[in-house]
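This report refers to the structure that appears directly beneath it.
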Amino acid sequence: MDKTKQQKIDDLFGVIDKRISENHKSIAFHLAEAHNASENIRFSHYVKAKVKEILDMPQGEPQDEAQDSARKEYVAEDGVLNFRNECGRSAISGDVVMFKEDHFIVVPRDKRKDWQADGYTPVGVYVIASNGETGMLSLVNMSWETPETGDVKGDATGRFIRYGGYGSHVDGLKSYDNDEARQKVLNRQFEVVGYARYGYLPSDKFENGCGAKAQVKGKYFYDDDDNLLPPPFNADGTPNPLFGQGNDAPSFLSNNNSRANTDALIKDVTEQEDWMTAEKITNCGDKGYHPAACCCRRFHTVGTEAGDWDMPTIPVLASAFYDWSAVQGTLEDLAKDGLAVPLNESNYYWSSSEYSQYYAYYLYASNGRVYYFSKYYYYLVRAFRRLPRI
């Protein structure tokens, strides 16, 4: 390579180094955690084009090759996936995550049969989480009787699962059973929403509900008591910093790391040492058992492996609940072909967020209530797989 071309490439990487420095992040972390990953994709395309220009390489690619390249996943250093949307737009909650051979795509649900005809299999419903990350919610409830596949029929008794670990605080989880956790939760419209360690979430599920009195960005709250929780997203669609990005005092709203929470729960499993290989997960709520988290880790689909899925935190469940119409609409559509089980509108879903040594947080789908209850109790569980934002 002549010196002129080498200098141009060196200058180009100088621009890249400056970009990394300005963001104070490594390139892998930046791609995985950026609030506007579409900008990173454009920047990646710019770098690729500039290198080709400097080296006098052809800019165009055959159409089939270009499409194949666009479909493949990018894996960052921490194993997090980064999708390019195959449909020419940013993915939104309620889209379908699909898999074929060695790559994933995200498509609108009204296009999913077109992709199924091309050999793709639906594996999750796309959810934009409250901290700007994305992921897919499992298409089925978890099951302690069939942990690897989950409750594919929607009627198995094994779908009701105990949180587990009753009587012991799990190292690595935040506990909110203290006065410090009685923090003010601020909302951009309501000055003080509440001091409580629980509350009601807004959702488009309540647009026609008689109890819906408070409204934010077209989303309605179930009730207007002093424990209304803010929406996961601001009016402009950006993530609400009260969710998943930390607060002055501990809050279940800022507990957004499903992977870390599930890791902590799995580490605390000491009584069923063969939980990863046993035919069934022991559905016990005593110390040393965490059946809900174990079921999420045992679960896998086409294109995913056991260990890929986590037990979602409250902010993740809140994000799915906020866009109820889109997420539930996709699940109901897939259910028509036996590919999914819709969310139960009148039941409770465990999160991986702990309240104390005896209690953990759940989301009540009927009215959007986030509350805590005995870890020994049975609730439904959905698995979540984290992805960076497109």
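The values are calculated or read from the model by the stated rules, or taken from the named source; none is laboratory data. From a predicted model like this one, the values you see are computed outputs, not experimental measurements. A quick note on method: Cβ atoms are made from the backbone with ideal geometry, for glycine too, and the neighbour counts reach across all protein chains shown. Accessible surface areas use protein heavy atoms only, side chains included; no ligands, DNA or RNA. Shrake-Rupley method; radii C 1.70, N 1.55, O 1.52, S 1.80 Å.
Under 1.5 on a/c is rounded, so check that first for region 261-390, then, if it is not, pick prolate when a/b is larger than b/c and oblate when it is not; a ≥ b ≥ c are the square roots of the alpha carbon gyration tensor eigenvalues. Since a/c reaches 1.5 but b/c is at least a/b, the shape of region 261-390 is classed as oblate. The amide H of Asp151, built 1.01 Å from its N in the peptide plane, has Asn141, Met142, Ser143 as neighbours under 5 Å, considering only residues 5 or more places off or on other chains. For Val152, the solvent-accessible surface computed with a 1.4 Å probe is close to 90 Å², ligands and nucleic acids excluded.
For Tyr359, the residues whose amide H sits under 5 Å from its own are Lys375, ignoring neighbours fewer than 5 places away on the same chain, with H placed 1.01 Å from N. Computed with every protein chain present, the accessible area of Asp171 is close to 130 Å² [probe 1.4 Å]. Within the assembled protein chains, the solvent-accessible surface assigned to Arg259 is about 80 Å², based on a 1.4 Å probe.
Do any of Lys174/Lys280; Lys280/Lys375; Lys100/Lys280; Lys153/Lys174; Lys111/Lys205 go past 26 Å between their Cα atoms, and which? Intermediate results must be reported in sequence, preceding the final value.
On the way: Lys174/Lys280 29 Å; Lys280/Lys375 19 Å; Lys100/Lys280 29 Å; Lys153/Lys174 35 Å; Lys111/Lys205 24 Å.
Flagged as over cut-off: Lys174/Lys280; Lys100/Lys280; Lys153/Lys174.
When you count the other C-beta atoms within 10 angstrom of each residue and take the mean per peptide, 109-122, 368-381 line up highest first as 368-381, 109-122. In this label model, Lys8 and Asn344 are separated by 6.3 nm, measuring between points 7 Å along each Cα→Cβ vector.
Computed from the alpha carbon atoms alone, the convex hull of region 330-390 holds 127 Å³ per residue. Within region 257-337, the proportion of C-alpha pairs whose separation exceeds 15 Å stands at 64%.
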